[in-house]
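The values are calculated or read from the model by the stated rules, or taken from the named source; none is laboratory data. Everything quoted here is computed from the prediction, not taken from an experiment. As a convention, Cβ positions derive from the backbone with ideal geometry for all residues, glycine included, and neighbour counts pool all protein chains shown. For accessibility, only protein heavy atoms count, side chains too; no ligands or nucleic acids. Shrake-Rupley method; radii C 1.70, N 1.55, O 1.52, S 1.80 Å.
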2 protein chains.
Amino acid sequence: MIIDCHGHYTTAPNALEEWRNYQIEGIRDPSKKPKLSDLKISDDELRESIEANQLRLMRERGSDLTIFSPRASFMAHHIGDFAISSEWAAICNELCYRVSKLFPDHFIGAAMLPQSPGVDPKTCIPELEKCVKEYGFVGINLNPDPSGGHWTSPPLTDRSWYPIYEKMVEYDIPAMIHVSTSCNACFHTTGAHYINADTTAVMQLIEGDLFKDFPTLRFVIPHGGGAAPYHWGRYRGLAQVLKKPLLLEHLLKNVFFDTCVYHQPGIDLLTRVIPVDNILFASEMIGAVRGIDPETGFNYDDTKRYIEATQNLSSEDRSKVCEGNARRVYPRLDAALKAKGR
Amino acid sequence: MIIDCHGHYTTAPNALEEWRNYQIEGIRDPSKKPKLSDLKISDDELRESIEANQLRLMRERGSDLTIFSPRASFMAHHIGDFAISSEWAAICNELCYRVSKLFPDHFIGAAMLPQSPGVDPKTCIPELEKCVKEYGFVGINLNPDPSGGHWTSPPLTDRSWYPIYEKMVEYDIPAMIHVSTSCNACFHTTGAHYINADTTAVMQLIEGDLFKDFPTLRFVIPHGGGAAPYHWGRYRGLAQVLKKPLLLEHLLKNVFFDTCVYHQPGIDLLTRVIPVDNILFASEMIGAVRGIDPETGFNYDDTKRYIEATQNLSSEDRSKVCEGNARRVYPRLDAALKAKGR
């Protein structure tokens with residue numbers, strides 16, 4: 001089985017975006033504020049948006065199951081306050097849940113959280129609990145910068161994040177560390193902010209000792225770990241300067257990288273540098289980079305091709321990257337699959 | 001000849017840091033403000049600080065000439081105002097100039113600029129002119145984020161930067177895009193802020209069309225280009241989404257990457273992905289990562305070893321990376337060398 005640990009609902013029916021726009025207008029002008037019941041998306045519309053897009057490509061490319069979360073760039077935690085984020089997260093998570101019910105063999109949910117800049121992260125716990133207990137979600141997306149490119153929250157090692165981590169440990173779910181839209185003109189959302197956030201998170205975790213407090217906590221760093229694998233010597237060296245244990249001990253018991261790296265040399269580096277047990281197959285399809293690479297004739301984000309082509313993985317390794325590691329890092333996914341005899 | 005295009009004066013005598021500390025105290029308490037003449041560093045002290053450190057390592061490792069600029073993390077443009085930055089830049093540049101006079105065969109200067117958050121970049125021009133005309137400097141370091149991790153300046157493609165670019169074109173000097181200390185707790189200076197800035201700069205240049213306005217402008221992106229080469233497929237794909245020309249056309253006539261990537265797989269990726277004409281040898285020695293890699297027994301930042309070991313470069317390629325490209329990208333360096341028959 002091939003599990004893609006990183007898919008977002010980027011193709012939701014337009015009604016979702018329209019509702020969101022009214023919600024945002026409602027911040028300034030409360031008369032515009034939409035009701036929850038104003039959002040009407042039928043099962044048929046959901047089905048169509050998935051069948052014509054993600055599911056079609058999964059079939060074409062040969063992946064089986066996607067861990068599916070709300071569109072990352074639309075989380076936009078910087079907009080409004082906790083109430084706004086809370087309503088928005090509930091809507092987006094519910095849509096992913098409905099997709100997972102409509103296509104139970106192909107999608108399983110991961111939650112966005114109702115984060116808001118300057119608001120205590122523990123306010124996210126009720127939504128997290130609902131998504132795990134009622135929706136059967138198997139992970140969360142945690143935004144290390146809810147300000148959207150101004151980086152006003154403390155590092156991930158700060159104790160203010162601990163209530164989230166305690167809940168993650170209790171439910172045995174990992175978090176993918178994933179920012180949202182940048183509202184800082186310096187940072188292109190998918191070309192700079194996403195990648196910078198991955199790099200930043202890795203370095204925050206190297207600087208701190210978070211996994212001493214939470215030995216079973218697990219993070220997935222998307223987009224191939226940002227710059228970290230490419231600069232792995234720098235990170236090993238900085239850990240040494242900071243008098244930390246080797247990264248194998250200090251980081252890699254708890255931190256995993258996905259394979260959203262959109263060319264062969266990148267995947268070759270990732271699979272050469274990072275131990276195979278720490279790499280999880282992912283494509284972030286349909287996401288940031290939708291085109292066809294003129295150098296290969298295939299989609300940039302058809303990452304399965306790079307995994308298949310790399311010389312660095314044995315067939316046993318490939319099976320870990322494509323299935324085994326995801327089952328280990330997302331135990332609730334493994335349990336859900338086993339319950340169905342998969 | 002082996003030219004290292006990226007060295008900072010990280011080993012300046014302590015008197016420099018002491019003077020800076022008084023200068024910073026003087027911002028709050030003007031009675032503490034030091035005079036320029038309070039800073040006394042003899043030629044012997046300069047000589048010793050270089051001979052025992054950078055020059056010793058250059059001899060050991062076999063590099064000949066370093067393009068030498070003030071310590072990047074000490075630029076700290078976020079401290080004080082333009083007057084503070086101006087005085088500090090003048091002092092730091094003069095020390096590099098003195099080093100270049102004491103060791104003319106081994107060091108040639110690149111200038112830090114007296115940038116200050118919110119201050120018009122054109123205020124930097126007198127210092128830039130002095131460094132080129134009086135000190136014979138061959139390049140500058142341009143900080144895309146003088147706020148030190150808050151990213152309050154506009155992108156590098158903004159017209160407010162143009163006066164600097166006009167002067168660079170006039171003098172035919174390149175800029176290395178190099179941030180300074182992070183004063184944002186989210187960003188470790190050398191582990192996150194430096195690498196993020198490199199990635200951010202590349203994406204800003206992809207988003208914009210700066211080189212249409214300045215066809216001969218040249219930037220060196222340090223630290224192996226941040227995350228860009230590792231994610232080169234992403235960047236090629238995003239350029240395509242943005243309807244830009246191929247990166248070879250859109251970026252690589254004007255943008256160059258140094259080799260400050262501290263392990264073999266990183267250099268192998270860089271030299272596989274980026275055309276050889278766009279790669280400049282550098283070590284940033286003595287810099288962020290000073291230890292010995294237990295996996296190799298050699299210093300992490302002994303990047304010459306990786307360049308020698310990579311299978312991706314012919315001996316002609318190596319000569320471009322180590323010398324030819326630097327002479328092309330820094331024409332004033334080439335002229336200075338030729339004037340000495342080198």
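State the percentage of accessible surface on the protein assembly as shown attributable to carbon and sulfur atoms; use a 1.4 Å probe and exclude ligands, DNA and RNA.
Details: 12390 of 24390 Å².
Of all accessible area on the protein assembly as shown, carbon and sulfur atoms account for 51 percent.
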In order over the range B:329-342: 3J(HN,Hα) from phi, Karplus 6.51/-1.76/1.60, θ = phi - 60°, whole Hz, x for each Gly or Pro, gives 6, 10, x, 5, 5, 4, 5, 5, 5, 4, 4, 9, x, 9
Only helices counted: for chain A, with every DSSP H run of 4 or more residues adding -39500 (n - 2.57) and the sum spread over all residues, [θ] at 222 nm is -12000 deg cm²/dmol
From the cross-link list A:122/A:304; A:243/B:32; B:35/B:130; A:244/A:338; B:244/B:304; A:130/A:212, the entries with a Cα-Cα span beyond 31 Å are A:122/A:304; A:243/B:32; A:244/A:338; B:244/B:304
Put A:195, B:79 in order of accessible area, largest first, probe 1.4 Å, and you get B:79, A:195
Taking only protein heavy atoms and a 1.4 Å probe, the highest-to-lowest accessible-area order of B:133, A:243, A:253, B:244 is A:243, B:133, A:253, B:244
Ranked by GNM mean-square fluctuation in chain B (Cα springs under 10 Å), the top entry among B:50, B:140, B:41 is B:41
Expected max-MSF residue from B:268, B:38, B:301 in the GNM of chain B (alpha carbon, under 10 Å) is B:38
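Can you tell me the dipole magnitude for the range B:205-255 around its Cα centre, using point charges on the Cβ only (Lys, Arg +1; Asp, Glu -1), in Debye to the nearest 20?
Value, rounded to 20: 120 debye.
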Expressed in angstrom and rounded, the centroid-to-centroid distance over alpha carbons for the range B:136-163 and the range B:255-302 is 24 Å
Shape descriptors of the range B:52-98 over alpha-carbon atoms, Rg and Dmax in angstrom, are 13.9, 41
Those residues in the range B:165-200 that give up at least 40 Å² of accessible surface, probe 1.4 Å, once the partner protein chains are present instead of the chain by itself are B:186, B:187, B:188, B:191, B:195, B:196, B:200
For the range A:199-213, Karplus-derived ³J(HN,Hα) couplings (6.51, -1.76, 1.60; θ = phi - 60°; whole Hz; x for glycine and proline) come out as 4, 4, 4, 4, 5, 4, 6, 5, 4, x, 10, 4, 7, 5, 7
Log entry, pair B-A: total buried accessible area, probe 1.4 Å, protein chains only, in Å² rounded to 100, is 4700 Å²
The ³J(HN,Hα) series, computed from each phi in the range B:295-310 with the Karplus coefficients 6.51, -1.76 and 1.60 at θ = phi - 60°, rounded to the nearest Hz and given as x for glycine or proline, is 7, 10, x, 10, 4, 3, 8, 7, 6, 4, 4, 5, 5, 5, 7, 5
Expressed in square angstrom to the nearest 10, the accessible area of residue B:47 with a 1.4 Å probe stands at 80 Å²
Counting sequence-distant residues (5 or more places) and residues on other chains, those with an amide H built under 5 Å from that of residue B:6 are B:67, B:283, B:284
Of every Cα-Cα pair in the range B:7-74, the percentage lying beyond 17 Å is 52 percent
The answer for chain A, accessible area per residue at 1.4 Å probe in Å², is 36 Å²
In the range B:117-271, taking the dipole from +1 charges on Lys and Arg beta carbons and -1 charges on Asp and Glu beta carbons about the Cα centre, the listed residue (B:149, B:233, B:216) farthest towards the positive end is B:233
Of A:69, B:86, ordered by accessible area with the largest first and a 1.4 Å probe, the sequence is B:86, A:69
Expressed as a whole-number percentage, the relative contact order of the range A:195-282 with C-alpha contacts under 8 angstrom and at least six residues apart is 33 percent
Expressed in angstrom and ordered largest first, the alpha-carbon extents of the protein assembly as shown along the principal axes are 76, 56, 49
Spelling it out for residue A:109: with amide H atoms placed in the peptide plane at 1.01 Å from N, the residues 5 or more places away or on another chain with amide H under 5 Å from its amide H are A:68, A:138
Computed D for chain A, Stokes-Einstein, Kirkwood radius over alpha-carbon pairs, 4 °C, 1.567 mPa s, to the nearest µm² per second, is 64 µm²/s
In nm, the gap between the two label points placed 7 Å beyond Cα toward Cβ at residue A:342 and residue B:17 is 5.7 nm
In a Gaussian network model of chain B with springs linking alpha carbons closer than 10 Å, the residue among B:98, B:56, B:71 that fluctuates most is B:56
Amide H proximity to residue B:153 below 5 Å, modelled H, separation 5+ or other chain, gives B:147
Once normalised by the length of chain A, the mean sequence separation of its alpha carbon contacts under 8 Å that are 6 or more apart gives a contact order in percent of 17 percent
In whole angstrom, the spacing between the Cα centers of the range B:94-120 and the range B:181-244 equals 24 Å
